[in-house]
Amino acid sequence: MSSWRLTVQPYAVPLRRPLETAYGSTTLRRGALVSLIAPDGTIGHGELACLPQRPTHSLQDALQLLAACAFDLHNGTPPETILNHWARWDEAGTAARAALETALLDLRARQYGCSLAELLTPTPRPSIAVNAVITASDCDAAATAAAAARDAGYRVIKLKVGMAARGEEEIARVAAVRAAIGPDIALRLDANGAWTPEQAIMMLRRLADYNLALVEQPVPAWDIEGLARVRRSVSVPIAADEAVTSREAVEQLCVAEAVDALVLKLPVVGGITVAHALAELAARHQCAIVVTSVFETGIGLAAAMHTAAAVPGELLACGLATASSLVTTLVTGLPKPVHGQLAIPHDEPGLGVALDKEALRFCADLMEDRHAITHASD
């Protein structure tokens with residue numbers, strides 16, 4: 001019997017417009033697609049997607065971890081054993097684990113002839129609500145993008161904040177977006193940890209007139225006490241995003257009564273099954289869930305869609321309408337949002353999408369380092 005095989009193909013995908021957040025601006029999404037081949041020839045796909053706007057060494061570290069996994073698989077270690085004994089839970093480690101686990105679950109679902117969501121739960125949601133995301137730092141550009149999202153049928157719009165040099169500029173931008181979308185569309189803010197607790201309290205009190213539905217990560221991820229203080233001091237619901245990194249972190253957030261919702265990102269928490277377990281923990285604390293992308297291409301997005309369809313508890317509109325931000329998703333068959341809803345792929349087993357080989361060749365031409373890490377048996 002032949003051994004397991006793993007191939008990893010790096011990519012570089014241009015963004016249609018710069019991604020602007022409190023971390024800075026980026027125009028190119030780098031990552032890698034993972035293919036896991038079982039001894040019976042079944043193939044599953046995953047995606048390595050470290051957080052954008054991070055140093056490139058995280059991606060390089062994650063690629064080296066996957067190269068080590070390829071070596072172990074070739075030498076007879078089953079993928080389940082590798083995942084169950086995973087030791088690296090830093091940024092590179094969680095992204096690499098998520099990639100390998102997605103590929104394995106996609107493969108298993110293909111073997112069983114079911115969707116990945118059905119592999120996770122017998123009664124997945126057939127569709128999920130999604131929010132539009134506005135990253136433009138210019139006031140007029142943000143308002144124009146928000147109006148376009150409203151016209152496209154989105155009922156929830158998320159605005160990236162924390163980039164303005166002055167509070168008045170931030171307030172003017174929120175006001176412009178609210179005016180553009182009208183009173184009936186839910187408006188969220190995402191500060192990416194840019195404010196101190198004092199700044200967050202001041203800003204959110206001043207923004208109360210704009211009827212905010214949720215504010216994600218108003219203070220740095222490490223400041224759980226500060227996040228709890230913000231939640232006690234303002235009327236708008238608070239979500240943790242960058243702070244959601246592990247079961248221990250979620251327990252701390254819930255015990256501190258610091259949040260109303262948790263944002264789950266597969267590459268950050270370490271994969272689909274970890275995210276599912278965190279959602280179960282959140283449900284026990286009456287805490288809602290948002291599943292969000294990290295601007296992955298289509299494999300990572302499809303994995304997040306299936307995860308959102310299967311998690312228990314209250315699911316808010318998810319941040320998974322990001323495919324249009326990329327020049328290509330590298331796949332075919334990925335559903336597009338329709339009136340703020342995403343239908344979960346189920347016509348084909350597994351993730352329900354297929355690699356777009358032409359798009360992969362196009363993105364390979366953008367790579368500074370074009371070699372793919374491959375370790376396979378003869």
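Considering all alpha-carbon pairs of the chain, what whole percent are spaced by more than 39 angstrom?
On the way: 9270 of 71253 pairs.
Considering the chain, 13 percent of its Cα-Cα pairs are separated by more than 39 Å.
Given a 10 angstrom Cα cut-off, can you work out which residue in GLY167, GLY319, GLY271 is the most mobile in a GNM of the chain?
GLY167
Taking amide H positions as placed 1.01 Å from N in the peptide plane, with prolines and chain starts having none, which residues 5 or more places from GLU314, or on another chain, fall under 5 Å of its amide H?
The list, which skips near neighbours in sequence, is ILE289.
Assuming a ≥ b ≥ c are the square roots of the Cα gyration tensor eigenvalues, decide whether the stretch 55-98 counts as rounded (a/c under 1.5), prolate (otherwise, with a/b larger than b/c) or oblate.
On the way: a/c = 3.41, a/b = 1.66, b/c = 2.05.
Here the stretch 55-98 falls in the oblate category.
Restricting to Cα atoms and excluding each atom paired with itself, what does the Kirkwood estimate give for the stretch 243-365 in Å? Can you show the working numbers first?
Working: mean 1/r = 0.0657 Å⁻¹.
It works out to 15.2 Å.
What angle, in degrees between 0 and 90 and rounded to the nearest 10, separates the Cα long axis of helix 56-74 from the longest principal axis of the Cα atoms of the chain?
Taking Cα atoms only, the helix is inclined about 30 degrees.
Using modelled amide H (1.01 Å from N, peptide plane; none on Pro or chain starts), what sits under 5 Å from the amide H of LEU159, excluding residues fewer than 5 places away?
So LEU159 has HN proximity to ILE134, ARG188, LEU189, ASP190.
Let me test this: with uniform point scatterers at the alpha carbons of the stretch 164-228, what is the Debye-based log₁₀ I(q)/I(0) at q = 0.17, 0.23, 0.24, 0.29 1/Å?
The computed values of log10 I(q)/I(0) come out as -0.58, -1.00, -1.07, -1.38.
Structure shown: which of LYS158/LYS336; LYS158/LYS357; LYS160/LYS357 lie over 23 Å apart, alpha-carbon to alpha-carbon?
On the way: LYS158/LYS336 18 Å; LYS158/LYS357 33 Å; LYS160/LYS357 33 Å.
Those over the limit are LYS158/LYS357; LYS160/LYS357.
Fully extended, how many nm does the chain gain between THR42 and GLN64 (0.36 nm per residue separation, minus their Cα-Cα distance)? Present the calculation step by step, with values, prior to reporting the outcome.
Numbers: separation 22, 0.36 × 22 = 7.92 nm, distance 2.42 nm.
Full-extension gain reported as 5.5 nm.
Multiplying the sequence separation of SER246 and TYR112 by 0.36 nm and subtracting their Cα-Cα distance, what value in nm do you get?
Values: separation 134, 0.36 × 134 = 48.24 nm, distance 2.98 nm.
Contour length minus Cα-Cα distance gives 45.3 nm.
Highest GNM mean-square fluctuation, the chain, Cα pairs closer than 10 Å: which of LEU227, LEU207, LEU100?
Among LEU227, LEU207, LEU100, the largest mean-square fluctuation in the Gaussian network model of the chain belongs to LEU207.
Can you give the FRET efficiency for ASP138 and ARG361, using 1/(1 + (r/R0)^6), R0 = 35 Å, r = Cβ-Cβ distance, to the nearest 0.05? Before the final figure, lay out the partial values.
Values: r = 35 Å, r/R0 = 1.00.
The value I calculate is 0.50.
Can you give the helix-only mean residue ellipticity at 222 nm for the chain, where every DSSP H stretch with n ≥ 4 adds -39500 (n - 2.57) and the sum goes over all residues, rounded to the nearest 500 deg cm²/dmol? Could the numbers behind the result be given before it?
On the way: 13 runs with 147 residues, N = 378.
Mean residue ellipticity at 222 nm (helix-derived): -12000 deg cm²/dmol.
Which of GLY193, GLY270, GLY182 ends up with the largest GNM mean-square fluctuation for the chain, with Cα atoms connected below 10 Å?
GLY182
Starting from the alpha-carbon convex hull of the stretch 1-99, give the projected area averaged over all orientations, in nm².
Numbers: hull surface 27.2 nm².
The orientation-averaged projected area of the Cα hull of the stretch 1-99 comes to 6.8 nm².
With an 8 Å Cα cut-off and a minimum separation of 6 or more residues, compute the relative contact order for the stretch 107-188 in percent.
Values: 82 pairs, mean separation 24.8, N = 82.
Answer for the stretch 107-188 is 30 percent.
Can you tell me the length gained on complete extension of the stretch MET202 to THR77, counting 0.36 nm per residue apart and subtracting the Cα distance?
39.6 nm
What nm distance separates the two modelled labels at GLU257 and VAL338, each placed 7 Å from Cα along Cα→Cβ?
In this crude spin-label approximation the distance works out to 4.4 nm.
With bins 10 Å wide starting at 0, give me the P(r) of the stretch 131-196 over every alpha carbon pair, in whole percents.
Per 10 Å bin, starting at 0, the Cα pair percentages come out as 24, 58, 18, 1.
Please work out the Cα center distance from the stretch 44-102 to the stretch 177-254, rounded to the nearest Å.
Taking the Cα centre of the stretch 177-254 as reference, the centre of the stretch 44-102 is 31 Å away.
Which of the peptides 261-268, 242-249, 280-287, 78-85 is most tightly packed, and how do the rest follow, judged by the mean count of other Cβ atoms within 10 Å per residue? Kindly include the intermediate steps, with their values, before the conclusion.
Working: 261-268: 26.0, 242-249: 18.0, 280-287: 15.8, 78-85: 14.1.
Ranked from most to least packed, the peptides come out as 261-268, 242-249, 280-287, 78-85.
Mind giving me the nanometre distance, one decimal, between the label points for GLU280 and GLU169, set 7 Å out from Cα along Cα→Cβ?
4.7
Quick one: compute the contact order of the stretch 9-126, relative version, from alpha carbon pairs under 8 angstrom and 6+ residues apart, as a percent.
On the way: 149 pairs, mean separation 30.5, N = 118.
The normalised contact order for the stretch 9-126 reaches 26 percent.
From Cα pairs below 8 angstrom and at least 6 apart in sequence, can you work out the relative contact order of the chain, rounded to a whole percent? Write down the numbers at each step before the final one.
On the way: 845 pairs, mean separation 86.0, N = 378.
The normalised contact order for the chain reaches 23 percent.
Any read-out appearing in this document is the output of simple, stated calculations on the displayed coordinates, not a laboratory observation. In this text, all values refer to a predicted model and were calculated from it rather than measured experimentally. Cβ: placed from backbone, ideal geometry, glycine included. Neighbour counts: every protein chain shown.
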